[in-house]
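Enquirer: What follows is a structure written as structure tokens; I'll ask about it next.
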Amino acid sequence: MTLGEELRRQGITRRSFLKFCAAVASSMAIPASMVPAMAASLAQARRQSVIWMPYQECTGCLESLTRSFAPTVENLLFNFVSIDYQHTLQAAAGDQAIEALKVAMEENWGKYLLLVDGSIPLKDDGVYSVSHGQTHLESLREVAEGAAAIVSIGTCAAFGGVGAARPNPTGAVGVDQIITDKPILNVPGCPPLPEVMTGVLTSFLAFGALPEVDSLKRPKAFFGDTIHDRCYRRPFYDQGKFADTFDDEGARKGWCLYKLGCKGPITYNACASVKWNQGLSWPIQSGHGCIGCSEPNFWDKDSFYKPLSAGQWGSAEGIAIAAAAGVALGAASAVMSRKNQDKISGGK
């Protein structure tokens, strides 16, 4: 059965499907002219085999990506793919689960999409993380060999994450430090945004390839701008208005959280635009600075509540200069606004 046939069986109209395709295309910076082609290609797509390998992880990424919402095309898309192995979700366990994995690999060799969450230990030949008598290092190499492409879900799989934080006793690393001969896409975050995975999966089903990536193998459409670039508190930064504590007047007025350790200026992610819980909110909107969880080594970059150090974004003097520049720009803008208003009202 094709995806188009399944959509019709579920009562999803062509109009709703096109709206979904348009939304995904917009979020991934795909030209609107490509929407009909994307829809046509998706409608002909057949059930995609997905093998999901959890390694040194906390299950937070899985929780993020499998939360049940109201029925949507996005959910149907996830339901349409065949997750042939995921030991937390599947009913089988032990030998039965491993047998299901082997069958899925054999039947879909060279075609399945491999999802990985969790870091992989390298120290002492990977003995610190073992399942079914096989180290995760051995498992990754074996399963990756037959994959069409690999998606590293979460910061641990992408960059090592908390497992690789100092002193990194297990020698934990991300997937792309081990597998170098396959297309790999990193979707970092602790946990990552579910909508990013929807976009990645849609792109793979529609075009048979992963989307364009940046230097860290992250999809540019979602990781092309910093949190700071899109933050609604950015105007307060430009005006030099900062909260000094989490409960002072500045915090209550929604001023910039830079001095409270916000890592937004050095963090690339779509949290500010996509948000969480179906667009309900995101950390900065809830009053907490960005902790930079989608960046490499974020656990070791200062503390969550310490302002960025010189060389990362700017020193205290840098903040002062930015604040002064922001105030000057604000004053100039106010003057120009008053002049324009005078012209409109007939004044001089």
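Enquirer: Quick one: net charge of residue 149's neighbours, Cβ under 14 Å, K/R +1, D/E -1?
Expert: Summing Lys and Arg as +1 and Asp and Glu as -1 gives -1.
Enquirer: Follow-up question, since we're still on this one. Whose amide H sits under 5 Å from the amide H of residue 117, counting only residues 5 or more places off or on another chain, with H placed in the peptide plane?
Expert: 53, 55, 153
Enquirer: Moving on. In the structure shown, do any of 19/275; 19/102; 220/306; 19/111; 217/253; 102/217 have a Cα-Cα gap over 31 Å, and if so which?
Expert: Correct reply: 19/102; 217/253.
Enquirer: Residue 92: net charge of surrounding residues, Cβ under 14 Å, Lys/Arg +1, Asp/Glu -1, itself excluded?
Expert: In short, -2.
Enquirer: Counting only protein heavy atoms and a 1.4 Å probe, tell me what percentage of segment 1-45's accessible area is made up of carbon and sulfur.
Expert: After summing per-atom areas, the C and S share lands at 56 percent.
Enquirer: Also: Over segment 47-219, with every protein chain in place, what whole percent of the accessible area is carbon and sulfur at 1.4 Å, could you tell me?
Expert: Ligands and nucleic acids excluded, carbon and sulfur reach 51 percent.
Enquirer: Are there any trypsin sites (Lys or Arg not before Pro) in segment 232-288 that are in a DSSP loop and have at most 15 other Cβ atoms within 10 Å? List them by number. Walk me through the numbers before you get to the answer.
Expert: Numbers: sites: 233, 241, 252, 253, 259, 263, 275; in loops: 233, 241, 253, 263, 275.
Qualifying residues, ordered by number: 253.
Enquirer: Sequence gap at least 6, Cα distance under 8 Å: using those rules, report the relative contact order of segment 1-45 to the nearest whole percent.
Expert: Averaging sequence separation for qualifying contacts and normalising by length gives 56 percent for segment 1-45.
Enquirer: What distance in nm separates the two pseudo spin-label positions at residue 275 and residue 1, each 7 Å out from Cα along the beta-carbon direction?
Expert: Modelled inter-label distance: 3.4 nm.
Enquirer: Something else: Could you pull out the trypsin sites (Lys or Arg not before Pro) across segment 1-72 that fall in loop regions by DSSP (anything but H, G, I, E, B) with no more than 11 other Cβ atoms inside 10 Å?
Expert: For trypsin sites (Lys or Arg not before Pro) across segment 1-72 that sit outside H, G, I, E and B with at most 11 neighbouring Cβ atoms in 10 Å, the list reads 67.
Enquirer: Provide the FRET efficiency to the nearest 0.05 for the residue 181-residue 134 pair, computing r from the beta carbons and using R0 = 25 Å.
Expert: After rounding, the FRET efficiency stands at 0.75.
Enquirer: Please calculate the 1.4 Å probe accessible area of residue 190, with all protein chains present, and give it to the nearest 10 Å².
Expert: Residue 190 exposes around 70 Å² with every protein chain in place.
Enquirer: Something else now. Once fully extended, how much extra length lies between residue 165 and residue 15, figured as 0.36 nm per residue of separation less the alpha-carbon to alpha-carbon distance?
Expert: Between residue 165 and residue 15, full extension yields an extra 49.3 nm.
Enquirer: What chymotrypsin sites (Phe, Trp or Tyr not before Pro) does segment 108-153 have in DSSP loop regions with at most 15 other beta carbons within 10 Å?
Expert: Passing sites in segment 108-153 are 109.
Enquirer: Quick query: amide H of residue 185 versus all other amide H atoms, modeled in the peptide plane; which residues come in under 5 Å with a sequence gap of 5 or more or a different chain?
Expert: Answer set, sorted by chain and number: 150, 151, 152.
Enquirer: Which whole-Hz ³J(HN,Hα) couplings does segment 247-263 yield from phi under the Karplus relation 6.51 cos²θ - 1.76 cosθ + 1.60, θ = phi - 60°, glycine and proline marked x?
Expert: 10, 8, 4, x, 5, 5, 8, x, 6, 4, 9, 4, 5, 9, x, 4, 9
Enquirer: Follow-up question, since we're still on this one. Going by average Cβ neighbours within 10 Å, how do the peptides 215-226, 195-206, 162-173 rank, with the highest at the top?
Expert: Ranked from most to least packed, the peptides come out as 195-206, 215-226, 162-173.
Enquirer: Length gain on complete extension for the stretch residue 96 to residue 249, per 0.36 nm per residue less the alpha carbon to alpha carbon distance?
Expert: The span from residue 96 to residue 249 would gain 49.2 nm if fully extended.
Enquirer: What FRET efficiency comes out for residue 124 versus residue 34 if R0 is 30 angstrom and r is the Cβ-Cβ distance? Round to the nearest 0.05.
Expert: For residue 124 and residue 34, the calculated efficiency is 0.05.
The values are calculated or read from the model by the stated rules, or taken from the named source; none is laboratory data. Just so we're clear, the structure is a prediction, and the values are computed from it rather than from any experiment. Every residue, glycine among them, receives a Cβ derived from its backbone with ideal geometry; neighbour counts consider all protein chains shown. With ligands, DNA and RNA removed, areas are computed over all heavy atoms of the protein, side chains included. Shrake-Rupley method; radii C 1.70, N 1.55, O 1.52, S 1.80 Å.
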